[in-house]
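Here is the structure we will look at, set down as structure tokens.
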Amino acid sequence: MSRLPPLTPDRLNPEQKRVYDNISGDVRRQKARKHPIINDDGTLIGPFNALLYAPGIGDAVQKLGAALRFESSLPGHLRELAILMVAQRWRANYEWVAHAPIAAREGLEDAVIEAVKAGRTPDAQADVQGVHRFVSELLETRRVSDETYTQTRALIGEQGLVELVSLVGYYAIISGLLNGFEVAVPEGEPLPFGA
């Protein structure tokens, strides 16, 4: 159970309702996903309920997330690789459970997903290795070497680099919300990183 009580639609003030509508009516609901983002009682699942508690910030955060997930120039498998790397780094169980199936659907190989989960460097194609190296350096040292920057820029371009760094930052926010408010994984799902 989350530290923040789930907010049902009938308990929302007008500002919260606007954010709720933006989240529940957007592209997130149109994409196939293993777990829904709305419970049967209308409450939002995952990090989205927390965003309702600070609607001004919450709306900005959810809009950034939608842009990064659904309007990015990054290929889906590279986007999901970065998301899983942040989830692994933060040990964000919910994030991993939500995105590992998406990563597989986007073409990220099971062996790569398992390597990321274990904190290992995957044996993979050049684009996956390049993005993995870039995100690893950014997460571990808070910097990226000139060599890694140049190699990754050749793979995804400057727009891709901006999107990649923004994606890492965004999912750090989401992982912080999930962990800080102890958002539970969907019922029946194991905890990938333990309690």
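Summary table below
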quantity	calculated
Radius 12 Å from Cβ of SER166, net charge of other residues (Lys, Arg +1; Asp, Glu -1)	0
Amide H contacts under 5 Å for ILE38, placed H, 5+ residues apart	ILE45
Equivalent ellipsoid semi-axes, the chain, via Cα gyration tensor eigenvalues times 5, rooted, Å	29, 18, 15
Volume per residue that the Cα convex hull of the range 9-69 spans, once the total is divided by residue count, Å³	77 Å³
Mean shadow area of the range 107-195 over all directions, Cα convex hull, nm²	6.9 nm²
Rg/Rg_ref, the range 55-111, where Rg_ref = 2.2 N^0.38 Å and atoms are Cα	1.18
Burial order of peptide ranges 43-53, 157-167 (average beta-carbon count within 10 Å, highest first)	43-53, 157-167
GluC sites (Glu not before Pro) lying in DSSP loop within the range 1-99, provided at most 14 other Cβ fall within 10 Å	GLU71
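Just so you know, all these numbers are worked out from the coordinates, no wet-lab data involved. None of these values were measured; they are calculated from a predicted model. Backbone-built Cβ (ideal geometry, glycine too); neighbour counts: all protein chains shown.
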